[in-house]
């Protein structure tokens, strides 16, 4: 199902071009990390897009979703479970999205994302959100 959805969302045919000529890519390549240390276990990403809302929680690990596909990187430094240091997501929204990141100990970060296209083809936009960064992310 994800493959078929990715095919449908990977290209836009709004200007009459042939979407079969487009490379299948996510609209956004999102990375979330904390400025210092691992992400709190309750770190939550909420993605609002034209088709709805999907969420990802660090403490729930990889989750089956249709548009927001995330994985996490655990720290390898030291003994024991040092926690998740980075969350990496592909957002197959095809258009604009609003991402809100919440986590204990950090103010919420909200980013309005604009999709980019070249002709009829979606172009992946890299986005980084850093919790605890005075600039607030990207």
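So here's what we get for this one:
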quantity	calculated
Flag for residue 71 being under 13 Å from the mean Cα position of the chain (by Cα) and modelled with pLDDT of 95 or more	no
Test set (1) closer than 15 Å to residue 131 by Cβ; (2) surrounded by fewer than 18 Cβ atoms within 10 Å (Cβ to Cβ) - residue 24 fails condition number	(1)
Residues located in region 82-135, provided they are touching a helix residue (DSSP H, G or I) at 6+ places or on another chain (Cβ under 6 Å) and assigned to a strand (DSSP E or B)	84
From 37, 78, 61, residue being at pLDDT below 95, surrounded by fewer than 16 Cβ atoms within 10 Å (Cβ to Cβ) and either within 15 Å of the chain's Cα centre (by Cα) or more than 25 Å from residue 133 (Cα to Cα) (or both)	61
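The values are calculated or read from the model by the stated rules, or taken from the named source; none is laboratory data. Remember, it's a predicted structure, so these values are computed and weren't measured experimentally. Glycine also receives a Cβ, built like all others from the backbone with ideal geometry; neighbour counts cover every protein chain displayed.
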